[in-house]
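A.B. asks: Please find one structure pasted underneath; my questions will follow.
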Amino acid sequence: MRTVWQDVRYGTRTLAKSPGFTVVTVLTLALGIGANTAIFSLMHQLLLRQLPVKNPSELVVLRAPGLTTGTVSSDGDSTESFSYKMYKGLRDGNQVFSGVLARAAFPASVASRKQTERASGELVSGNYFEVLGVRPVLGRVFNQDDDRVPGAQPVVVLGNDYWKHRFAGDPSILNQAILVNNTEMTVVGVAQPGFFGVQVGRTPDIYAPMMMAAQMQPNGHDLNPWNDYWLNVLARGKPGVSEQQASAGINAAYSPLLVEQLATIKGWPEAKQQRFLSKKIILSSGAKGRNVLQRDAGTPILALFAMVALVLLIACTNVANLLLARGAGRQREFAIRSAMGASRSRLIRQLVIESLLCAIAGGAAGLIIGTWLMGILTSSIASNENIHGLTARLEPSVLGFALAVTLLSGLFFGLLPAWRVTRYGLSDVMKDQGSTSSASASHVHFRKTLVAGQVAFTLLLLAGAGFFTRTLWNLRNQSLGLKTENVISFSVQPSLNGYDTPRAVALLDQLRSRIAALPGVNGIGSSEVPTLEGDNNTNNITVEGGPELSEELQQVNNDSVSPDYFSTMGVPLISGREFNQGDGASSPKVAIATESMVKRFFPGRNPLGAHFAFGGGKTVKPNIEIVGVVKDSKQVEVRSDEQPYLYLPYAQQKTLSQMTFYVRTSRDPILAAPVLQSVVRELDPNLPVYGVKTMQRIVDENLFGESLVATMSAGFGALAAMLAALGIYGVLAFLVVQRTREIGIRMAMGAESGDVRMLVFKEVGAMLIAGVVIGLPLAYLLGRYSESILFGVKASDPMVYLSGLVLITLIAGAACYIPARRATKVDPLIALRYE
């Protein structure tokens, strides 16, 4: 141990004597380790972290793929949706789980202490907290008594973060009444710190008992129907019950429930009934909660992690090259120490310790860079993707990852150079007193190999940046079918404040009328489903005289909109008319169809005047007339394909949920935000206004994931290119010094400057070709892996590879300029005396 401490002190002094080398090495490693730490922290929180509950590995998520009927509400995977009656039957009828819980998100309008605001709520079964093993930090959580009688338990549990920022952590909030969705609810507890629910990124502010569903979601889902799928179900396995036993046990309880549900479904043929009865429940791990966010974020984050790992590999390769060059100048020192009795292992240990010292310093600086980068990422993700619960704080697992990466990096770039530069003995060094004694052919070849590897990995990163940048470019420059310039939006949800449908329609009409009269307003429209925000509403329809279509093709997206919606949004009207004030509740029912809807349901005929109805079966009578046709436009997401769409007047709907207004102005739309909010407050000061943003901001948020991946991949590519340029420059500068005598002889024999430059270019060309041969196949594999998240670009796109080749060639050319120029300045007389 004493000798190790001596090596540490000696290594510290040696590094202090070479401040330039030390600073470059530490900064290079800091950038690589910092970027890796930030991306790993993001990946850990979104993809790897288990739920902060008791024994999360015992949890499972229930899925029921297959035939359904009725209404299905989903946030990404409809197979995870169950009716309350089905949930209750599974909870009470199974013998393999110690508990089965249910939950469903709902929007909340919370009024307390003379302030009303929008919040996120979650309806939960009475055993929710018990099954998860979550305890209160204040008061109590729900129990089975809260889940027996509909509407009998108007109580809420606050999320810990919401309690702290909304009520300043005030314990006196316990047993106080707050108004949630126009219902007086008593706060009975606060959940434990760190608990964010069962879905990463979606932290509920308040929890309400499932029996309060009717009060918490007006015009929403019901507890009684079998065919209303809206709950997500998780369960905790019993000790000693295997996965196979759990699957068999839950399906034994599921089958008779399907029979009971089928009895409520009329008119299905025998084959369809058998398909329904053959459905099975599939169990998947619930240790990380519901896998919703991970489905969309998984591939991009893994791609980024692979790319940032390559950046660190390039950084380590660069440092290894620096250590080889530094070691070459210290070979006389090593030879003398060896002659004085130092073993080779002792010399290798000395060099590895020096490498680890550099790595530790780089790791410490990398933690600072990683924390800074993670702070930027978390704030951007929260504001653009509405993903909450992420933190820039370095958790123990992230610190462990950073420490492991630091030590492995130090060993990686330190061990090989140490092994190579300590191979020579005193006799080998004394054979040649010149400065090139250490520059053996194998030594130079090894450094060229490292540079070729850098070129290959840099080409891979540049190709990745090309794929993701082209994807973002294609998405931003495609036609959306609507005009986003000078449009601002905001949303309200009157039903949460006690408005029935007639009152809500009257309020919405007044809002449109008052806003339309404001100076600078060129148009106003509204829609129930927010445009380009990922939401959708789908139903099957029956068309009068329509073609025979499969069940899947009978599904149509639909939305309730106001008069002037299409003109305000810049969606062209092809034929017929827009909605007007005459399309009210007592008027004949009308609709407007998109081109895609007409092509599917009215091939070869004029849709104007045709009728349809929602639902299917012989008893359905088409009673809605199509009065207009508009061009297809992007409604759900910028990435979404053109889908059949139907628009209905909101004044003719039986129920209305939220309504999003779109206001086109003649000036900067964000300046109109305060005025629009004041108009709402004048009509109802207790009605929360939320989602105030421009349409351009909505598009930016919709493409945030693509923008993040493109920006970071471009940054990683630029960093890799810089490191590769430094690596190429270092090797070529070393080669010019090594071959000074040869260059002098060539010039003395009449070689021109161009010939000498070509000598240097040949060296870089060989390394470049070797790197390209390795890098191109790897880039193609990256493209194939990422093809599912690309848009308008394929893994075989030649422009991506050509761009990468051009860039890496320019980088190599710039890196070899100074060494080549230095070679042409060699004086033959001096070179011939060069030792």
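A.B. asks: Using a Cα-Cα cut-off of under 30 Å, which lysines could be cross-linked to Lys631, ignoring same-chain neighbours fewer than 8 residues away?
C.D. replies: Here the lysines satisfying the reach criterion relative to Lys631 are Lys483, Lys589, Lys599, Lys621, Lys654, Lys693, Lys794.
A.B. asks: Rounded to the nearest percent, how much of the accessible area of the stretch 142-212 (1.4 Å probe, protein heavy atoms only) is carbon and sulfur?
C.D. replies: That fraction is 48 percent.
A.B. asks: With a 1.4 Å probe and all protein chains left in place, how much of the accessible area of the stretch 79-119 comes from carbon and sulfur atoms, in whole percent?
C.D. replies: Whole-percent figure for carbon plus sulfur exposure: 45.
A.B. asks: Compute the distance in nm between two label points, each set 7 Å from the Cα along the Cα-to-Cβ direction, one at Asn580 and one at Leu415.
C.D. replies: It works out to 8.1 nm between the two label points.
A.B. asks: Moving on. What value, in deg cm²/dmol to 500, does the helix sum -39500 (n - 2.57) over DSSP H runs of n ≥ 4 give at 222 nm once divided by the residues of the chain?
C.D. replies: Working: 24 runs with 409 residues, N = 835.
Value at 222 nm, helices only: -16500 deg cm²/dmol.
A.B. asks: Ok, one more. If you take the beta carbon distance between Ala306 and Glu270 as r and set R0 to 45 Å, what does 1/(1 + (r/R0)^6) give as a FRET efficiency, to the nearest 0.05?
C.D. replies: With R0 = 45 Å, the Cβ-Cβ based efficiency is 0.30.
A.B. asks: Right, here's the next one. Using the crude model of +1 on Lys and Arg Cβ and -1 on Asp and Glu Cβ, and no other charge, please compute the dipole size for the chain relative to its Cα centre, in debye to 20. Walk me through the intermediate numbers first.
C.D. replies: On the way: 76 positive and 62 negative charges, 671 e Å.
Using Cβ point charges on Lys, Arg, Asp and Glu, the chain gives about 3220 debye.
A.B. asks: How large is the convex hull of the Cα atoms of the stretch 181-260 per residue, expressed in Å³ as a whole number?
C.D. replies: 162
A.B. asks: Helix 2-17 against the longest principal axis of the chain: what's the angle in degrees, Cα atoms only, rounded to the nearest 10?
C.D. replies: Once rounded, the angle reads 90 degrees.
A.B. asks: Would you mind computing Rg(Cα) / (2.2 N^0.38 Å) for the stretch 541-650, counting N as its residues?
C.D. replies: Against the empirical 2.2 N^0.38 Å value, I get 1.02 for the stretch 541-650.
A.B. asks: Could you state the angle between the C-alpha long axis of helix 441-477 and the longest principal axis of the C-alpha atoms of the chain, as a value from 0 to 90 degrees rounded to the nearest 10?
C.D. replies: For 441-477 against the chain, the angle is about 20 degrees.
A.B. asks: Which value, in Å², gives the accessible area per residue of the stretch 53-153 when a 1.4 Å probe is used on the protein heavy atoms?
C.D. replies: 42
A.B. asks: Looking at the stretch 147-176, which trypsin sites (Lys or Arg not before Pro) are in a loop (DSSP not H, G, I, E or B) and have at most 14 other Cβ atoms within 10 Å?
C.D. replies: Working: sites: Arg148, Lys164, Arg166; in loops: Arg148.
Those that pass, being in a loop and sparsely packed, are Arg148.
A.B. asks: Angle check, please: helix 704-738 long axis (alpha carbons) against the longest principal axis of the chain (alpha carbons), in degrees 0 to 90, nearest 10.
C.D. replies: Value to nearest ten degrees: 0.
A.B. asks: Residues of the stretch 46-76 with amide nitrogen under 16 Å from the 7 Å Cα-to-Cβ point of Ala287?
C.D. replies: 46-61
A.B. asks: Taking the Kirkwood radius as the inverse of the mean 1/r across Cα pairs, report the Rg/Rh of the chain.
C.D. replies: 1.07
A.B. asks: Still on this model: With a 1.4 Å probe and every protein chain kept in, tell me what percent of the accessible surface of the stretch 482-582 is carbon plus sulfur.
C.D. replies: 45
A.B. asks: Report, ordered by chain and residue number, the lysines lying within cross-link reach of Lys762, taken as a straight Cα distance under 24 Å and ignoring same-chain residues fewer than 8 apart.
C.D. replies: Partners within reach: Lys448, Lys825.
A.B. asks: What percentages make up the Cα-Cα pair-distance distribution of the stretch 1-154 when the bins are 5 Å wide from 0?
C.D. replies: Pair shares across the bins are 1, 6, 9, 12, 13, 11, 9, 6, 5, 4, 4, 6, 6, 4, 2, 0.
A.B. asks: Something else: Which distance in Å, rounded to a whole number, links the C-alpha centroids of the stretch 213-231 and the stretch 134-180?
C.D. replies: 22
A.B. asks: Treating only the Cβ of Lys, Arg, Asp and Glu as charged (+1, +1, -1, -1), what charge dipole size does the stretch 513-649 show about its Cα centre? Round to the nearest 20 debye. Can you show the working numbers first?
C.D. replies: Values: 11 positive and 17 negative charges, 74 e Å.
Dipole size: approximately 360 debye.
A.B. asks: Given R₀ = 41 Å, FRET efficiency for Leu810-Arg476 by Cβ-Cβ distance, to 0.05?
C.D. replies: That gives a FRET efficiency of 0.95.
A.B. asks: Another question, if that's okay. Taking the mean number of other Cβ atoms within 10 Å as a proxy for protection, how do you rank 101-110, 631-640, 211-220 from highest to lowest?
C.D. replies: 101-110, 211-220, 631-640
A.B. asks: Sticking with this one: What is the list of residues in the stretch 250-283 whose amide nitrogen lies under 11 Å from a point 7 angstrom out from the Cα of Asn227, following Cα to Cβ?
C.D. replies: 262-268, by backbone N distance to the label point.
A.B. asks: Leaving out ligands and nucleic acids, note down the accessible area per residue over the stretch 525-574 with a 1.4 angstrom probe, in whole Å².
C.D. replies: 41
A.B. asks: When the chain is fully extended, how far beyond the present Cα-Cα distance does Gln115 get from Ala252, taking 0.36 nm per residue of separation?
C.D. replies: On the way: separation 137, 0.36 × 137 = 49.32 nm, distance 5.01 nm.
Result for the pair: 44.3 nm of gain on full extension.
The values are calculated or read from the model by the stated rules, or taken from the named source; none is laboratory data. Note that the coordinates shown come from a computational prediction; the quantities given were computed from them, not determined experimentally. FYI the Cβ positions are ideal-geometry reconstructions off the backbone, even for glycines, and counts take in every protein chain you see. For the accessible areas, the whole protein counts, side chains as well, though only heavy atoms, and no ligand, DNA or RNA atoms are used. Shrake-Rupley method; radii C 1.70, N 1.55, O 1.52, S 1.80 Å.
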